[in-house]
Amino acid sequence: MQALLVDGLNLVRRIYAAVPSPPEDADDGQPEQHIQGVVRSSTSSLERALRLHQPSHSVAVFEQPGRTWRHRVFPDYKKNRSPMPSLLSDAMPELKQAFESKGVLSYDRAGYEADDVIATMAIKIANHHGTVTILSTDRNYCQLLCPEISVYDHFGQRHLDREMIFKRFGVEPEQLPMLLALAGDSSLSIPGIPSIGIRTAARLVHEYHTMDNLLEASREMTGKIGSKLFNGQEIARLGMELFTLKKDIDLGINLNQFRYQPA
């Protein structure tokens with residue numbers, strides 16, 4: 001199996017932001033023309049990805065509206081994130097139908113984000129000796145990188161590989177959850193440990209390798225960093241949970257359902 005797993009909202013929302021919106025005083029037909037342009041551009045982007053990656057199986061993974069397990073664990077998760085524009089939300093059935101017309105079915109799972117669903121699919125395929133390309137600009141997928149799993153930025157036309165992650169963050173891809181748990185991510189409203197930025201977090205990751213090792217060592221550390229780590233253990237462990245992708249969701253599907261058959 002050679003699978004292309006498409007992060008559907010990542011693809012569609014980037015295209016929605018790039019397609020020029022009609023002016024506020026536009027006539028009634030222009031918003032509809034705008035969303036039709038988004039549908040066409042999204043479908044064309046999907047077709048280009050299919051031609052490039054030549055998958056045997058492909059699925060576009062979306063998300064259902066509402067709260068996920070991350071919101072239950074951390075109620076402030078994504079609290080500052082703008083909701084999906086209503087025009088785009090209303091167009092989702094049409095987008096999914098357009099994808100299906102090109103041979104790619106859609107899937108979502110209540111209570112889970114697309115990244116957890118994709119991670120579960122990717123690991124399952126890799127464990128059965130298949131290969132996976134994840135189509136997304138989301139760096140968090142890079143924690144899955146291995147010989148069987150790659151991440152491709154369709155818009156930048158590049159793989160988000162080990163070399164890129166190490167150059168950008170100073171850690172190995174599988175260490176990203178620990179790095180981000182320490183430094184936080186304002187776009188997700190996850191705080192991290194106060195006064196610890198990416199560089200300091202990378203140094204701590206290199207020195208201690210695991211969060212358990214680091215937090216145990218913080219008991220003996222002197223100085224502000226040691227104090228902040230010791231007092232921020234709950235935040236650090238919460239961050240690890242939030243940034244680590246789920247890989248064992250019960251999807252209730254057979255991946256052969258998503259065999260790619262060009263329309």
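With +1 on each Lys and Arg Cβ and -1 on each Asp and Glu Cβ, and nothing else charged, work out how big the dipole of the stretch 165-243 is about its Cα centre, in Debye to the nearest 20. The partial results should precede the final answer.
Values: 8 positive and 9 negative charges, 76 e Å.
In total the dipole reaches around 360 debye.
For each of Tyr107, Tyr16, count neighbouring Cβ atoms within 10 Å of the residue's Cβ, then give the residues from fewest to most.
If I rank by nearby Cβ atoms, fewest first, I get Tyr107, Tyr16.
Please list 42-53, 113-124, 86-97 highest first by mean number of surrounding beta-carbon atoms within 10 Å per residue.
Going from most to least packed, we get 113-124, 42-53, 86-97.
Just from its helices, what would the mean residue ellipticity at 222 nm be for the chain, if runs of 4 or more DSSP H residues each count -39500 (n - 2.57) and the sum is divided by every residue, rounded to the nearest 500 deg cm²/dmol? Before the final figure, lay out each step's value.
Details: 11 runs with 125 residues, N = 263.
After summing the helix terms and dividing by residue count, I get -14500 deg cm²/dmol.
At R0 = 22 Å, how high is the FRET efficiency between Gln97 and Asp138 if r is their beta carbon distance? Nearest 0.05 is fine. Provide the component values of the computation, followed by the final result.
Details: r = 25 Å, r/R0 = 1.12.
That pair, Gln97 with Asp138, gives E of 0.35.
Could you compute the FRET efficiency for Gln54 and Cys146, with r as their C-beta to C-beta distance and R0 at 30 Å, rounded to 0.05?
0.90
Assuming 0.36 nm per residue, please report the length gained on full extension of the stretch Met84 to His128 beyond their Cα-Cα distance. Kindly include the intermediate steps, with their values, before the conclusion.
Working: separation 44, 0.36 × 44 = 15.84 nm, distance 3.58 nm.
Roughly 12.3 nm would be gained on extension.
Between Arg168 and Ala110, how high is the FRET efficiency from 1/(1 + (r/R0)^6) when r is the Cβ-Cβ distance and R₀ = 35 Å? Nearest 0.05.
E between Arg168 and Ala110, to the nearest 0.05, is 0.55.
Read phi for every residue in the stretch 37-53 and hand back ³J(HN,Hα) as whole Hz from Karplus 6.51 cos²θ - 1.76 cosθ + 1.60, θ = phi - 60°, with x for Gly and Pro.
Using θ = phi - 60°, the values come out as x, 5, 4, 5, 5, 5, 5, 5, 5, 4, 4, 4, 5, 5, 5, 5, 9 Hz.
Which angle between 0 and 90 degrees, to the nearest 10, do you get for helix 198-208 versus the longest principal axis of the chain when only C-alpha atoms count?
For 198-208 against the chain, the angle is about 60 degrees.
Please compute one quarter of the surface area of the Cα convex hull for the stretch 165-243 and express it in square nanometres.
If you wrap the Cα atoms of the stretch 165-243 in a convex hull and average its projections, you get 4.6 nm².
From the Cα gyration tensor of the chain, with a ≥ b ≥ c the square roots of its eigenvalues, which class applies: rounded if a/c is under 1.5, or else prolate if a/b is larger than b/c, or else oblate?
Working: a/c = 2.18, a/b = 1.56, b/c = 1.40.
Prolate, because a/c is 1.5 or more and a/b exceeds b/c.
Which whole-Hz ³J(HN,Hα) couplings does the stretch 101-116 yield from phi under the Karplus relation 6.51 cos²θ - 1.76 cosθ + 1.60, θ = phi - 60°, glycine and proline marked x?
Result, ordered by residue: 5, 9, x, 10, 7, 10, 8, 8, 9, 4, x, 10, 7, 4, 5, 5 Hz.
Just tell me which lysines come within less than 21 Å, Cα to Cα, of Lys247; anything on the same chain fewer than 8 places away is out.
Lys124
Order 212-223, 149-160 from most to least packed using the mean count of other Cβ atoms within 10 Å.
Per-residue Cβ counts within 10 Å, averaged per peptide and sorted highest first, yield 149-160, 212-223.
Rule-based calculations on the coordinates, nothing more; no lab input. A quick note: this is a predicted structure, and the numbers were derived from the prediction, not measured. Here the Cβ is made from the backbone with ideal geometry for all residues, glycine too, and neighbour counts use every protein chain on show.
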